[in-house]
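Some notes on the structure that comes next.
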Amino acid sequence: MPVQNSQLWRWYVENALQRGWPLAMVPFVHPKDPGVQMNMDDGEGPSAEVNETSVEEVNAREDGGVVAPVGIQPGGVADEGETVGAIVDEMEREDSDNERVEEGDSSDDETDINPAEWASEDFSGLVVSEEDSVRWEYKENEVIQGAIYSRAEDMKEAVKHFVVSLHREFWVAKSNRSQYEVRCVKEKDGCPWRVHAYKGKWKDYWILSVVTKHTCFLPGVQKYHRNITCAFVASEMYAHVIDNLTYEPRSIIRHIEETYKYTISYAKAWRAKQKIIEMRFGTYEASYDNLPRLLGVIEERNPRSSYAVKKFPSIEHPGKSVLQRAFLALHACKMAFVNCRPVLCIDGTFLTGKYRGQILTAIGVDGNNQVLPLAFAFVESENTDSWYWFLKLVKTKVVGMRPNVCLIHDRHAGILRAIEELQFGSMERGYPGVWEDVQKKWAKAYDTGGARYGIMTTNLAEVYNWVMRGVRGLPLVGIVEFILHGTCSYFRDRFQAVLPSIPNNSILFGTFMQKKLEELRKKAMKHRALVQGTQQHRFEILCQDKAGRGIYRKRVKQECVLKADDTCHCSYAKPKLLHRPCTHVIAAATECGIPDAVYVSQYFNKQAIYHTWSGEIYGFGIAGEFTETNDEVLNIPDPSKLRGKAGRRKTRRIHNDMDESEAGRVKRCSKCDERGHTYKHCPKDKEKPSAAEAGLSGSAADGARPTGEGTTSTRPRPRRRRATSSYVV
């Protein structure tokens, strides 16, 4: 592009600053005029001049002299510079310039005479961009003429905040790809307020070109504002909700009232929270499509992890598949389970999002009584088939060939049937005893093999479900991200907690077992050990008398045997059940000088805890967010699982047929003592009471139960405790 005058140069500089062009000029030399040269006095700055020199006439400025034309033309051969006069003169001039510079007459001290327009040009914007400050950064609610915004969304959000802060309302007069204009709602009353923004044809930013002032008056305190929309609330509350996913809609309403002095409805606050969730984690439909790819990336980032998905073709949408189930078990968790107690707690919790479903979890326990998430799965519901699918993957991918793993659950009917099918199926395939039914209903006294390691309930799995209570309403991608980041936090924090105890030889176990042994040793000091064995370390332990002073009670005696293979036996049976010494064993070991630590299971050692949490888990953030809707959707959710009922989602337990403790349990009514129904559906309540059965009001139709003579209190129904069952894998 030829730059022939100052106007063209200024136009070029302006466009270069806006579009990022280089500030450089390349002169064009026509091939038919080889004698055209570019004579630069200094070669720097805007004062460099371009002199055209023809072949017939060469003008050289040196001491005011004029050099005659030279007829020899440069042909581009070696050493021809010694014969071409123009080249010789140019070399002599450069030598003289260099001599002046060496003598102290520097050319940098010369003052260039620039045109007035060039001298007034502001080049302060020509700085290296560090990308930490941009020209469209403005303060909050700052809407002024000339303000620049990088995106239309940022500009519109700034205008909304500005208007709400003024306690005015506006309507959108124009909105397209290049223009945006809003006006006051009282424009018909003569208020000239408007804000106009535009985006130039070749620009990548928006500019506010018109910002006028209001002339209307506030009619009074308004309770609602038409421009505080769901999108406005979502933009305002984004950080609050993402930082605390349990943030309730009522808290959003309270925040808007305190900040802007306006009230929004509960429905708008709820929709705003859902919009925030979709802004961060994507839509619920997109999460079903992205979940298989996400699990594949996690398996690629964490080699030897296990994941599985189950699909079936969609009838309503040919060419697409309905994602029914998904399973994931991280390799670090599987390796950590090797150093944990051989106990698995399984439980399920329900999703509270747009689509119904269940999350099945398998939880392990380390030597410090800390939960270890081993595997989880998304299934359509909690039934026999889904539990069978999940437990089969847990057995093959997590437990593997490790024997005698105890499975603790809450005796749901689906779990019981699934375990039975796994038992029979393994026997048919020639693997008898893989799922050995040890005892269906266990108390601690019946745990003769000590398979439970003192874990009597499914509280560990339910505690983890409680941890996930705030994320059960998220899309599936968000739930996976929460579980992955939470598990990483478990490994990092617990590894740092056990690391200082490794070089300390005085500490042998984790914090839990160390405190427990200290308590047991204090109690053991009050026991008395009597030696009974001749060749065996057999003792009779006289237990502490718990009676008060002056009261005689028969003393309790226990028998302990300390074996040579670092095992022990106590008639109290606790060492076998809990895999740690009881107070009687500690008293006997103290009597014969044996350290009681040898009778503690290896799973409680600090080395086992150290290796449990020493694994590494790698996230998937480097591979993408997996929140965008793909151009080609391959997986969709089950349309039958869509929550069609309007209103707030249930966040507490939804009772269904799985709440029965055992399959085939016979119901009994507490009113009539008959089988087949409960007191809530007792058929006697439907019968019309007679006159003899009239209530306190004396009316036979008031429906009150007869109380007999006087007033008697009805015995309340005792709250049934949920029992647990366990199986050994």
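The values are calculated or read from the model by the stated rules, or taken from the named source; none is laboratory data. Note that the structure is predicted; figures quoted are calculated from it, not measured. Virtual Cβ from ideal backbone geometry, glycine too; neighbours counted across all protein chains shown.
If a residue must be β-branched (Val, Ile, Thr) and within 16 Å of Val371 (Cα to Cα), how many such residues does the range 458-496 contain? I'd like the intermediate steps shown before the answer.
The first filter runs over the range 458-496 and keeps only residues β-branched (Val, Ile, Thr), leaving 458, 463, 467, 471, 477, 479-480, 483, 487.
Going one step further and asking which of them are within 16 Å of Val371 (Cα to Cα), we end up with 458, 463, 467, 483, 487.
Looking only at that region, the number is 5.
Looking at Gln439, Gln423, which one is in contact with a helix residue (DSSP H, G or I) (Cβ under 7 Å, 6 or more places away or on another chain), surrounded by 15 or more Cβ atoms within 10 Å (Cβ to Cβ), at pLDDT below 80 and not assigned by TED's automatic domain parsing to the domain that holds Tyr247?
It is Gln439.
Is it the case that some residue within the range 364-382 is among the hydroxyl-bearing types (Ser, Thr, Tyr) and more than 16 Å from Asp638 (Cβ to Cβ)? Working first, answer last.
Taking the range 364-382 first, the residues among the hydroxyl-bearing types (Ser, Thr, Tyr) are 381.
Filter once more, so that each one left must be more than 16 Å from Asp638 (Cβ to Cβ): none.
Scanning the range 364-382, I find no residue that is among the hydroxyl-bearing types (Ser, Thr, Tyr) and more than 16 Å from Asp638 (Cβ to Cβ), so the answer is no.
Assess whether Ser265 counts as being assigned by TED's automatic domain parsing to the domain that holds Val163 and surrounded by fewer than 18 Cβ atoms within 10 Å (Cβ to Cβ). Working first, answer last.
Working: assigned by TED's automatic domain parsing to the domain that holds Val163: yes; surrounded by fewer than 18 Cβ atoms within 10 Å (Cβ to Cβ): yes.
Yes: the conditions hold for Ser265.
Scan the range 238-252 for residues that are buried (at least 19 other Cβ atoms within 10 Å of the Cβ) and either modelled with pLDDT of 95 or more or of a type in the set (Gly, Ala, Ser) (or both) and report the count.
Going through the range 238-252 one residue at a time, the tally reaches 1.
Just give me the residues in the range 601-642 being farther than 26 Å from Tyr284 by Cα, over 24 Å from the mean Cα position of the chain (by Cα) and in contact (Cβ under 8 Å) with a residue 12 or more places away in the chain, in sequence order.
Across the range 601-642, the qualifying residues are Ser601, Tyr603, Phe604, Asn605, Lys606, Gln607, Ala608, Ile609, Tyr610, His611.
Mind checking which residues of the range 184-214 are more than 41 Å from the chain's Cα centre (by Cα), closer than 18 Å to Ser165 by Cβ and surrounded by 11 or more Cβ atoms within 10 Å (Cβ to Cβ)? Full working, then the answer.
Of all residues in the range 184-214, those more than 41 Å from the chain's Cα centre (by Cα) come to 184-194, 209-214.
Pick out the ones that are also closer than 18 Å to Ser165 by Cβ and you get 184-186, 191, 193-194, 211-214.
Answer for the range 184-214, where residues must be more than 41 Å from the chain's Cα centre (by Cα), closer than 18 Å to Ser165 by Cβ and surrounded by 11 or more Cβ atoms within 10 Å (Cβ to Cβ): Cys184, Val185, Lys186, Cys191, Trp193, Arg194, Val211, Thr212, His214.
Pull up the range 596-649, narrow it to residues that are of a type in the set (A, V, I, L, M) and assigned to a loop (DSSP other than H, G, I, E, B), then point me to the one that is nearest to Ala336 (Cα to Cα).
Ile617
Taking strands (runs of 3 or more DSSP E) that fall entirely within the range 259-361, which contain at least 1 residues that are more than 20 Å from the chain's Cα centre (by Cα), within 25 Å of Gly414 (Cα to Cα) and of a type in the set (Asp, Glu)? Before you say what the answer is, go through the steps one by one.
Values: elements: 306-313, 321-329, 343-350.
Once the strands (runs of 3 or more DSSP E) in the range 259-361 are filtered for at least 1 residues that are more than 20 Å from the chain's Cα centre (by Cα), within 25 Å of Gly414 (Cα to Cα) and of a type in the set (Asp, Glu), what remains is 343-350.
Any residue in the range 189-210 that is assigned by TED's automatic domain parsing to the domain that holds Ala158 and charged (D, E, K, R) sitting within a Cβ distance under 6 Å of a residue that is surrounded by fewer than 18 Cβ atoms within 10 Å (Cβ to Cβ) and in a loop (DSSP other than H, G, I, E, B)? List the pairs, counting only those 6 or more apart or interchain.
Every condition considered, the pairs that remain are Arg194/Thr212; Lys199/Ser178.
With respect to Leu344, determine if the residue is closer than 30 Å to Leu642 by Cα and out of contact with any His (no Cβ under 8 Å at 6 or more places or on another chain). Full working, then the answer.
Working: closer than 30 Å to Leu642 by Cα: no; out of contact with any His (no Cβ under 8 Å at 6 or more places or on another chain): yes.
So Leu344 does not fit the description; no.
Just name the residue that is surrounded by the fewest Cβ atoms within 10 Å (Cβ to Cβ) out of those in the range 383-407 that are closer than 20 Å to Ser305 by Cα and among the aromatic types (Phe, Trp, Tyr).
Of all residues in the range 383-407, those closer than 20 Å to Ser305 by Cα come to 389-402.
Applying the additional criterion that residues be among the aromatic types (Phe, Trp, Tyr) yields 389-390.
Values: Trp389: 20, Phe390: 26.
Among residues in the range 383-407 that are closer than 20 Å to Ser305 by Cα and among the aromatic types (Phe, Trp, Tyr), the one surrounded by the fewest Cβ atoms within 10 Å (Cβ to Cβ) is Trp389.
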